[in-house]
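Peer 1: I'd like to ask some things about the structure below.
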Amino acid sequence: EVQLEESGGGLVQPGGSLGLSCEASGFSFSSYEMSWVRLAAGKGLEWVSYITGGGSVKDYGDSVKGRFTISRDNTKKTLYLQMNSLRAEDTAIYYCARANGWGNFDFWGQGALVTVSS
Amino acid sequence: DIQMTQSPSSVSASVGDRVTITCRASQDITMWLAWYQQKPGTAPKLLIFAASTLQSGVPSRFSGNGSGTNFTLTISSLQPEDFATYYCQQSKSFPYTFGQGTKLEIK
């Protein structure tokens with residue numbers, strides 16, 4: 001059974017940093033592209049970041065480019081998102097998601113809440 | 001960036017109704033279009049990918065159509081569990097983008 005489990009969410013002050021992890025199981029992790037997608041209260045889904053199976057290619061949404069860094073450790077079957085210079089508008093539930101061959105997300109974690117507030 | 005525009009933003013319908021949601025892309029995305037369902041407090045669920053391919057395990061009352069810039073998601077006969085928010089997503093090019101969502105409510 002495919003499972004994705006996020007951890008690392010919490011409360012952080014504006015300008016601060018936070019790291020999220022997503023532990024995968026039930027599939028060949030290194031064979032799949034992965035992404036982070038977020039959902040802010042009262043808003044719609046927003047794609048945040050992408051990484052290829054080997055980790056060599058990464059991309060980011062415009063709102064987080066230069067502040068967030070995606071990475072992965074295939075030996076640990078874990079996806080990461082390092083978030084720096086956090087802003088109030090980064091407050092959201094962050095989901096890790098597995099991508100199918102069409103760049104769509106067929107499995108999702110349960111989400112990790114990140115709150116940026118003083 | 002490719003902008004995705006859904007309509008309507010919300011719709012009220014009854015069990016048994018046929019409902020169609022539309023998604024329009026700001027440029028040609030051929031068939032790089034997916035549909036998701038999200039219920040409060042849960043992760044999104046992939047319903048349709050490649051514009052019209054039903055994801056494994058999704059009921060056949062859901063169907064997708066379209067190509068280029070205009071796409072539709074149709075639910076042929078609404079069931080109580082279908083009341084949720086629906087999103088389209090393009091994966092033709094980065095940054096991937098979602099529509100703003102369509103909330104399907106019980107009439």
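Readers should treat all values here as calculations from the given coordinates under stated rules, not as data from a laboratory. Being a predicted model, the structure only gives us computed values, none of them experimental. Cβ coordinates were reconstructed from backbone atoms using ideal geometry, including for glycine residues, and neighbour counts include every protein chain displayed.
Peer 1: Considering only residues that are among the hydroxyl-bearing types (Ser, Thr, Tyr) and closer than 15 Å to residue B:5 by Cβ, which ones fall in the stretch B:66-100?
Peer 2: B:69, B:72, B:86, B:87, B:97
Peer 1: Take residues that are of a type in the set (Ser, Thr, Tyr) and within 15 Å of residue A:46 (Cα to Cα) and tell me which of the strands (runs of 3 or more DSSP E) falling wholly in chain B contain 2 or more.
Peer 2: B:85-90
Peer 1: Please determine, by comparing only the residues of the stretch B:76-107 that are aliphatic (A, V, I, L, M) and in contact with a strand residue (DSSP E or B) (Cβ under 6 Å, 6 or more places away or on another chain), which one is farthest from the other protein chains (Cβ to nearest Cβ).
Peer 2: The extreme case among them is B:78.
Peer 1: On to the next question. Within the stretch A:59-118, how many residues are of a type outside the set (A, V, I, L, M, F, W, C) and either crowded, with 20+ Cβ neighbours inside 10 Å or within 14 Å of chain B (Cβ to nearest Cβ) (or both)?
Peer 2: Residues in the stretch A:59-118 being of a type outside the set (A, V, I, L, M, F, W, C) and either crowded, with 20+ Cβ neighbours inside 10 Å or within 14 Å of chain B (Cβ to nearest Cβ) (or both): 20 in total.
Peer 1: Next up: Listed residues A:39, A:20; which is hydrophobic (A, V, I, L, M, F, W, C) and within 10 Å of another protein chain (Cβ to nearest Cβ)?
Peer 2: Result: A:39 is the single residue among A:39, A:20 that is hydrophobic (A, V, I, L, M, F, W, C) and within 10 Å of another protein chain (Cβ to nearest Cβ).
Peer 1: I've got another one for you. When the stretch A:89-106 is examined, which residues are found to be in contact (Cβ under 8 Å) with a residue 60 or more places away in the chain and closer than 19 Å to residue A:55 by Cα?
Peer 2: A:95, A:96, A:97, A:98, A:99, A:103, A:105, listed by residue number.
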